[in-house]
Amino acid sequence: MSLTSQSNAEPATQGHANVQWGGRFAGGPSQIMQAINASISFDKVMWKQDIEGSLAHAAMLAHVGIISAGDEAAIRQGLADIGQEIESGSFVFSEALEDIHMNIEARLSERVGEAGKRLHTARSRNDQVATDFRLWVRDAIDGLDRQVASLMRALARRAEEHAADPMPGFTHLQTAQPVTFGHHLMAYVEMLARDRGRLADTRRRLNECPLGSAALAGTSFPIDRRMTAGLLHFDRPTANSLDAVSDRDFALEFLSALSIMAMHLSRMAEEIVIWCSSPFSFIRLSDAFTTGSSIMPQKRNPDAAELVRAKTGRMTGSLVGLLTVMKGLPLAYAKDMQEDKEPVFAATDAAALCLAACDGMVRDMTANTQQMRALAGSGYSTATDIADWLVRVLKLPFRTAHHVTGKLVARAEEKNIGLAELSIEDMRAEEPGITEDIYSVLSVDASIASRTSEGGTAPDNVRAQARRWLHALSAEAPAAPEPVAESRP
């Protein structure tokens, strides 16, 4: 039966209040209220983190004498059994119990009786959900970090393989100067390294434990928050109970880091799309990462790359959505904050899939080095090398050399020939001091080899940078891609 066919006032369970709420409410919620209020459909992905947090809380309660050792043992066994139920698929999630926290707590009370009812002493759902969410984001960061490292390894290996293979370097998507394919790939290694840094910074800042902040003001029970934080591998407890339960800047920072990383992946995907196109034909992807056309049998479409490019919108949208949710909320907790999780879960799934797709495409692609080389010298791409030669050998001011080079390019365009095909007489007509030596800098290979400045495209530079990254990443395991663990029951 649809919600729209129900009266707003019609209770879903007439006369039966949610038992977890206590005695304040005599009647149950309307069906519409239950539907808008429940989050179990999406927050059940945090079941492992909820059990982990509850185990730490119970251990602390027993340590300080708030519950008995027997109760703590019963709670521990009950939560372990519930975890097995969820993993096996036999656990029944109830929308009437709203969320993962109350679903697990209600089931615990069914299994272990009074001991289960004591678990919630000295905590609130406010600090419980804040703790679970931080744990989930922390786990997600660790999984995504492994994926980013795997993609960096794949790129660095391909860069080392193609350290000396020329391709056109572009500005404004116009041929600018020759670079190597390896140098181009290493640019993404550097971008992804910064993405890892942003994720690591996010992890470091979120690694404080809200548990024990209770609803908003702390608790009168003699709890040991440092013990709980330690058991959950947080660096410390949060310092202010209001802040702990009411802020989601860690989720926003995580989404921001994902959005920037997604932008980098999207740029890589865009280039893969361009490189696969017939006019470029720089690379080829196998059937594993392409699709065909329903009408044009010759087509090989780089759909994996196109979808990586598209999914960036999901991640950016998740960031903007959560910023909008949070921007007007007074302290402390408000139910609006239930809308914090779906965008984070969705963005994490999208990021994991995009990283896996990019990793796969980089490992899969075959470079057409002959085509790259053929186009590397197009568009008078070695013109800058002439200007540099005029400065270095004839000691001309760079602006003068730039002007002379422009004249030479114009002559070559007029004759419809390359710069290397200009005669020495044509050269000297613009600058009498030019000698035959100038031809030594006009080849693509000579241009690339000359770019030996730190960070430049010279093949030895590229090999050294690729090997440096491979060495740095070799200490990190695992070497194969490891996506974020799927925790959906």
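The values are calculated or read from the model by the stated rules, or taken from the named source; none is laboratory data. Predicted, not measured: the structure shown is a model, and the values here were computed from it. Backbone-built Cβ (ideal geometry, glycine too); neighbour counts: all protein chains shown. Surface areas here come from the heavy atoms of the whole protein model, side chains and all, with no ligands, DNA or RNA. Shrake-Rupley method; radii C 1.70, N 1.55, O 1.52, S 1.80 Å.
Calculated over segment 225-350, the projected area of the Cα convex hull averaged across directions stands at 11.5 nm².
Dividing the Cα radius of gyration by the Kirkwood radius, what Rg/Rh value follows for segment 177-275? Numbers along the way, then the final one.
Details: Rg = 20.4 Å, Rh = 16.4 Å.
Expressed as Rg/Rh, it is 1.24.
Over all distinct Cα-Cα pairs of segment 308-373, the Kirkwood formula returns a hydrodynamic radius of 14.5 Å.
Kindly provide log₁₀ I(q)/I(0) values, in the same order as q = 0.17, 0.19, 0.22, 0.27 Å⁻¹, from the Debye equation applied to equal alpha-carbon scatterers of segment 82-145. Results for segment 82-145 at q = 0.17, 0.19, 0.22, 0.27 Å⁻¹ read -0.74, -0.88, -1.06, -1.19.
Annotation: Cα Rg of segment 189-230 relative to the compact-globule expectation 2.2 N^0.38 Å equals 1.79.
Of the residues HIS162, ALA140, MET152, the one whose Cα sits farthest towards the positive end of the charge dipole of segment 126-187 is HIS162 (charges of +1 on Lys and Arg Cβ, -1 on Asp and Glu Cβ, taken about the Cα centre). Between ALA214 and SER124, ASP127, the built amide H atoms are under 5 Å apart, and every one of these is 5 or more places off in sequence or on another chain. Counting only protein heavy atoms and a 1.4 Å probe, segment 109-162 has 29 square angstrom of accessible area per residue.
Calculate log10 I(q)/I(0) of segment 92-210 for q = 0.11, 0.14 Å⁻¹, where I(q) comes from the Debye formula with a single equal point scatterer on each Cα and nothing for solvent. Each listed q corresponds, in turn, to -0.62, -0.76.
With contacts taken as Cα pairs under 8 Å and at least 6 residues apart, the chain reaches a relative contact order of 18 percent. From its DSSP helices (H runs of at least four residues, each -39,500 (n - 2.57)), the chain gives a residue-normalised ellipticity at 222 nm of -19000 deg cm²/dmol.
Would you list, by chain and number, the lysines whose Cα falls below 24 Å from the Cα of LYS48, excluding same-chain residues fewer than 8 positions away? Within the straight-line limit of under 24 Å, LYS48 reaches these lysines: LYS117, LYS335, LYS341. By accessible area, using a 1.4 Å probe on protein heavy atoms only, segment 353-489 has 53% of its surface on carbon and sulfur. For the chain, a crude dipole built from +1 on the beta carbon of Lys and Arg and -1 on the beta carbon of Asp and Glu, taken about the Cα centre, is about 380 debye to the nearest 20. What a 1.4 Å probe finds exposed on segment 22-176 is 49% carbon and sulfur by accessible area, rounded to a whole percent. Annotation: peptides 310-317, 353-360, ranked by per-residue average of other Cβ atoms within 10 Å with the highest first, follow the order 353-360, 310-317.
Here the gap between SER68 and ALA288, fully extended at 0.36 nm per residue and compared with their Cα-Cα distance, gives a gain of 73.4 nm.
Sort 148-156, 389-397 by the packing proxy (mean of other Cβ within 10 Å over each peptide's residues), most packed first. Display every interim value, and only then the final one.
Working: 148-156: 23.8, 389-397: 15.9.
Sorting 148-156, 389-397 by mean packing, highest first, produces 148-156, 389-397.
Across segment 54-60, rounded Karplus estimates of 3J(HN,Hα) from the backbone phi angles (6.51 cos²θ - 1.76 cosθ + 1.60, θ = phi - 60°) give 5, 4, 5, 4, 5, 4, 5 Hz, Gly and Pro being marked x.
Note: relative contact order over segment 294-387, using C-alpha pairs below 8 Å and six or more positions apart, is 32 percent. The equivalent ellipsoid of segment 381-422 has semi-axes of 19, 10, 7 Å, largest first, where each one is the square root of 5 times an eigenvalue of the Cα gyration tensor. Give me the base-10 log of I(q)/I(0) for the chain at each q in 0.09 Å⁻¹, Debye formula, one uniform scatterer per Cα, rounded to two decimals. Evaluating at q = 0.09 Å⁻¹ gives log10 I(q)/I(0) of -0.76.
So if I average 1/r over every pair of distinct C-alpha atoms in segment 377-464 and take the inverse, what Kirkwood radius in Å does that give?
Working: mean 1/r = 0.0746 Å⁻¹.
Result for segment 377-464 stands at 13.4 Å.
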